[in-house]
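Accompanying notes for the structure given below.
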Amino acid sequence: MIQGIGASAGIAIGKAFVLPNWEWDVPEQKIDVTDLAKEFDRLYEGIKTSKDEIEQMKGELREVVGTAETHIFDAHLAILDDPIFMNEVQGIIQRQYKAAEVAVKEAIDHFVTMFDLLDDEYMKERALDIKDVGNRLLKHLLGAPEITLPTDTQPFILVAKELSPSQLAHLNPSHVLGIVTLAGSTISHSAIMARALGIPLVVGVEAKLNDPIQTGDSLIIDGAKGEMIVRPSKLVVDRYKSRRSNQLEEKKKLHRIAGIKPVTPDGKTIELAANISSLKELEVALRAGAAEVGLFRTEFLYMDRTSFPEEQEQFEVYKTVAQKLGSNPVIIRTLDIGGDKHLDYFEIPEEDNPFLGYRAIRISLDRQDLFKTQLRAILRASHYGHVKLMFPLISSVDEVKKAKDILEEAKQELRREGLPYRENIEVGVMIEVPAAVMIADLLAEEVDFFSIGTNDLVQFALAVDRMNDQISHLYEPCHPAVLRLLKMTVDAAKRKGIQVGVCGELAGDARALPIWLGLDVDELSMSSHTILQVKERLLCTKQEDSRRLLDDLLKCRTSQEIYNELSRFNTSAEQPKEIPQAASPAQMD
């Protein structure tokens, strides 16, 4: 057994196909000064063709994995427009009289080497993006063919030195049992896409391999545990087949509870909602058993385009979501760009600390024209369903008051124009910075609900960038300080009689469910693929027991103590004796 890093869950058993490296030899080639214009034309034509190809891939992949994951390719398009990268290429052509393909290859090597020298896992992964885009451009300049995968119908486990998002986009998921990459990490764009496609993935096995894997070798991989076995015995194959069968049976069992109301054995209901960013993801969420949408990330409506979306376009999307959910609520979060989310057509000045900078509600209050356009669209959609409105990254009462003033202006405009909307639309805020927790009692007087964004709250509270490999181990969602911040927030909401939900990653971690039951939150909003796991745990966990556990957790001094207590509690939790085949009318009420 070789221990790698699990990057996408699932067990795969099959024959290996080793993918050749997607790289070409580019011999040194000088050009005459009279050919400079021709060489630049070749370069620009290659860039245009590469962009068209990437856009086509995005469109095809969006139908499979949804909108969020396809924005990986926005980074690739940005590289082709990046003035630093392109100036490097153009400078080599113009000053050294080298052919376009030679200049592109030298620029790729320069930036990849520079990024690889940085002791930062995130930047190393971005080096792979540059290599991916550069090789695509090289392919067009050289007239080289794509590297093709096996065309027979026998599924295989793909093995590669590293796998780019472009290569992964060309895979047929029905032919690929699993993937192994010798390098790579769990935060790579390829890992994100593999998880979206549901393909088991193990990364980082190169240092453990004594002999290279050959095409045709028998392999077993476990993408959850990061295990890989080369040329396993029949006994080992049978054992993993049994584990895989158990996992598939568990999935079937989970689907049988999709229509059951999320209620604990002692009667506590927590609404299980979905985080979505597109209509496609809404369909997936509804099939996964989500009753409502706890977070609609509207920023994805603003991406993939050359200008801000007009009011009518936004209205049509919001209206469709509201209508599909009927009387069930959808919480629409206003534009949350900045930080790591950028628009090609909206320039944000370079910042030393972008996550602490010009982003989210700060942009909306600064660009009130854009903000009001979105608010009008949301208000109009509220006429067609149970729409709620939420402001992100709130850190003061003043921000809430200003946002509500603009909302009131939007209402008055619609009223004068005779356009219908829900007058008493519910307004909430995201609690994701420590300042918001400290004034939660004041914020609760201004709004109808809270939604706790655990991702940013943990990051800001602990001063830990979880994308920084050197300190990512310090990112502890169950840190004692975080637990106290959560309790302060929920207590403030309950005292003021407003609802409180959670929409960060911790909401979808079934192991953390006793925390939310103990705190008495009203809603958990999560990725669609985790809803049924959380519901299964909810159906067999008593709130009374969870409250006692929470008292013990709040006395813990370390994160490890909290994890140990949660593990002990979850292991001993009573399992349901029988999971109903379908929900009865009473259960669906």
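The values are calculated or read from the model by the stated rules, or taken from the named source; none is laboratory data. Values in this document were obtained by computation on a predicted structure and should not be read as measured data. With ideal geometry, Cβ positions are generated from the backbone for all residues, glycine too; neighbour counts draw on all protein chains shown. Heavy atoms of the whole protein, side chains included, go into the accessibility calculation; ligands, DNA and RNA do not. Shrake-Rupley method; radii C 1.70, N 1.55, O 1.52, S 1.80 Å.
Here is how the numbers come out for the structure above:
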read-out	value
Residue pairs meeting the criteria (Cβ under 9 Å; at least 6 apart or on separate chains; first within 19 Å of P265 (Cβ to Cβ), in region 540-566; second open to solvent by 60 Å² or more (accessible area, probe 1.4 Å) and of a type in the set (S, T, N, Q))	C540/Q575
Number of the exception - K280 against (1) open to solvent by 30 Å² or more (accessible area, probe 1.4 Å); (2) within 21 Å of M526 (Cα to Cα); (3) in a loop (DSSP other than H, G, I, E, B)	(3)
Scan of region 277-291 for residues that are within 22 Å of E426 (Cβ to Cβ) and without any contact (Cβ under 8 Å) to a residue 60 or more places away in the chain, ordered by number	L282, L286, A291
Failed criterion for Y302 (all others in (1) farther than 26 Å from G504 by Cβ; (2) free of Cβ contacts under 8 Å to residues at least 60 places away in the same chain hold)	(1)
Subset of region 177-215 (residues that are of a type in the set (A, V, I, L, M, F, W, C), within 18 Å of the chain's Cα centre (by Cα) and buried (at least 18 other Cβ atoms within 10 Å of the Cβ))	A191, I192, M193, A194, A196, L197, I199, L201
Count of residues meeting criterion [assigned to a strand (DSSP E or B) and either of a type in the set (V, I, T) or open to solvent by 60 Å² or more (accessible area, probe 1.4 Å) (or both)] in region 305-355	3
Residues satisfying the stated conditions in region 219-269, i.e. at pLDDT below 85 and either assigned to a helix (DSSP H, G or I) or more than 30 Å from G518 (Cα to Cα) (or both)	Q247, L248, E249, E250, K251, K252, K253, L254, H255
Subset of region 4-38 that is at pLDDT below 90 and in a strand (DSSP E or B) - its residue that is surrounded by the most Cβ atoms within 10 Å (Cβ to Cβ)	A7
Positions within region 154-176 being open to solvent by less than 10 Å² (accessible area, probe 1.4 Å), within 17 Å of A75 (Cβ to Cβ) and either free of Cβ contacts under 8 Å to residues at least 60 places away in the same chain or not in a loop (DSSP other than H, G, I, E, B) (or both), in sequence order	P165, S166, L168
Residues that are modelled with pLDDT under 90 and charged (D, E, K, R), drawn from region 53-92	E53, E55, K58, E60, R62, E63, E69, D74, D81, D82
Those helices (runs of 4 or more DSSP H) lying entirely in region 423-521 with at least 3 residues among the β-branched types (V, I, T) and open to solvent by less than 10 Å² (accessible area, probe 1.4 Å)	480-496
Cβ-Cβ under 6 Å pairs, at least 6 apart or on other chains, region 257-272 side within 22 Å of I331 (Cβ to Cβ), far side open to solvent by less than 10 Å² (accessible area, probe 1.4 Å) and assigned to a loop (DSSP other than H, G, I, E, B)	P262/I270
K268 vs. criteria closer than 20 Å to A507 by Cβ, surrounded by 15 or more Cβ atoms within 10 Å (Cβ to Cβ) and charged (D, E, K, R)	yes
Residue pairs meeting the criteria (Cβ under 8 Å; at least 6 apart or on separate chains; first crowded, with 16+ Cβ neighbours inside 10 Å, in region 216-242; second of a type in the set (F, W, Y))	I220/Y240; D222/Y240; I229/Y240; P232/Y240
Which numbered condition I471 misses (of (1) of a type in the set (A, V, I, L, M, F, W, C); (2) under 26 Å from L272 (Cα atoms); (3) at pLDDT below 95)	(2)
Hey, I199 closer than 18 Å to G14 by Cα and in a loop (DSSP other than H, G, I, E, B) or not	yes
Residue match in region 310-332 (condition: over 25 Å from F450 (Cα atoms) and in contact with a Leu (Cβ under 6 Å, 6 or more places away or on another chain))	no
Region 374-422, subset part of a helix (DSSP H, G or I) and among the β-branched types (V, I, T), residue most open to solvent (accessible area, probe 1.4 Å)	V397
Leading residue by the ranking (farthest from V237 (Cα to Cα)) among those in region 177-196 that are in a loop (DSSP other than H, G, I, E, B) and either in contact with a Phe, Trp or Tyr (Cβ under 6 Å, 6 or more places away or on another chain) or hydrophobic (A, V, I, L, M, F, W, C) (or both)	I187
One residue from A285, A290 being out of contact with any Cys (no Cβ under 9 Å at 6 or more places or on another chain), in a loop (DSSP other than H, G, I, E, B) and within 21 Å of L389 (Cα to Cα)	A290
